[in-house]
Amino acid sequence: MRPGDGRSAAQLVVIAKSPVPGAVKTRLTPPYTAREAAGLAEAALRDTLAAVAAAPAARRVLALLGEPGPWLPEGYDVVAQRGRDLAERLAAAFADAWAALPVPVVLIGMDTPQVTPALLAEAGRLLDGHDVVVGPAADGGFWLLGQRTPDPALLAGLPMSRPDTGALLMERIRAAGVRCALLPELTDVDTAADARAVAALAPSSRFAAALAALGTGVPA
């Protein structure tokens, strides 16, 4: 699928963990139990997969650590994550997607349930004129990374889950001399405060409903 056919040429990849209690969203415990945190993770994952399903894409992929569950909609190719750490798993997800279909790749995680199909479509459009597109996260990381042609050097050894992760990524992009576009900053759900803020931004989401069901409420 190429530009000009009315649909994005990019394939959309969601990198995620199966929402198993004790294995996901551990920074939400406390105040939530491991089972409650997993429920919030599943709701966020469902929202993310729904947004991807509604966005134009050449292909939709779930790069999964764990096993698929009833939360997985139709229309996704499921591939296992590869790599010893997150940076390696991200690079492998790009490489595997490109090997299956050599068109631009847009990758997101499961931590921004407020993402919209319009934002994902914009990421795909931006790769028509840029080499890289980045969605910066409020915690200093990034919630989206798109590459017109995946470059493993962009992620190799990149320190992850740090306040300077996004800045270090941007330094690599500038050093590579490639054309880069930025999307709006979003908040990853890592803490209970993040959860409340994101639910307030997306009050009709599955994530907001799951949070409200825990009796925490959503800021007015």
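Each reported figure results from applying straightforward, stated rules to the coordinates on display, with no laboratory input. The structure presented is a predicted model; accordingly, all values stated were derived computationally and were not measured. Heads up, the Cβs are rebuilt from the backbone with ideal geometry, glycines too, and the neighbour counts pull from every protein chain shown.
Report the calculated FRET efficiency for Ser161 and Glu74 (r = Cβ-Cβ distance, R0 = 25 Å), to the nearest 0.05.
0.20
Based on the Cβ-Cβ distance of Ala200 and Ala118, what FRET efficiency does E = 1/(1 + (r/R0)^6) give at R0 = 25 Å, to the nearest 0.05?
Efficiency, from the Cβ-Cβ distance: 0.80.
Is there a quick way to get the dipole size of segment 11-212? I mean about its Cα centre, with the Cβ of Lys and Arg at +1 and of Asp and Glu at -1; what is the value in debye to the nearest 20?
It comes to approximately 100 debye.
Considering only the other residues whose Cβ falls under 15 Å of the Cβ of Ser205, what net charge follows from Lys and Arg at +1 and Asp and Glu at -1?
Summing Lys/Arg as +1 and Asp/Glu as -1 gives -2.
Any idea how far the Cα center of segment 77-112 sits from the one of segment 121-144, in Å?
Measuring centre to centre over Cα atoms gives 15 Å.
With no solvent and one equal point scatterer per Cα, compute the Debye intensity ratio I(q)/I(0) for the chain at 0.10 Å⁻¹ and report its log10, rounded to two decimals.
-0.41
Describe numerically, in nm with one decimal, the distance between label points set 7 Å from Cα along Cα→Cβ at Thr191 and at Thr29.
Those two pseudo-labels are separated by 2.0 nm.
Once you mark the GluC sites (Glu not before Pro) that are in a DSSP loop and have at most 13 other Cβ atoms within 10 Å, what is the longest gap between them in the chain?
Answer - 75-184.
When averaged across all projection directions, what area in nm² does the alpha-carbon convex hull of segment 102-220 cover?
7.8
Per residue of the chain, what 222 nm ellipticity follows from adding -39500 (n - 2.57) for every DSSP H run with n ≥ 4, rounded to the nearest 500?
Computed ellipticity for the chain at 222 nm equals -11000 deg cm²/dmol.
Jot down the per residue volume, in cubic angstrom and as a whole number, of the convex hull over the alpha-carbon atoms of segment 50-145.
Here the figure is 111 Å³ per residue.
Determine the gain in length on full extension of the stretch Ala209-Glu171; use 0.36 nm per residue of separation and subtract their C-alpha separation, reporting nm with one decimal.
Extra length from Ala209 to Glu171 when fully extended: 9.8 nm.
Read phi for every residue in segment 97-110 and hand back ³J(HN,Hα) as whole Hz from Karplus 6.51 cos²θ - 1.76 cosθ + 1.60, θ = phi - 60°, with x for Gly and Pro.
5, 5, 5, 6, 7, x, 10, x, 10, 10, 10, 9, x, 9
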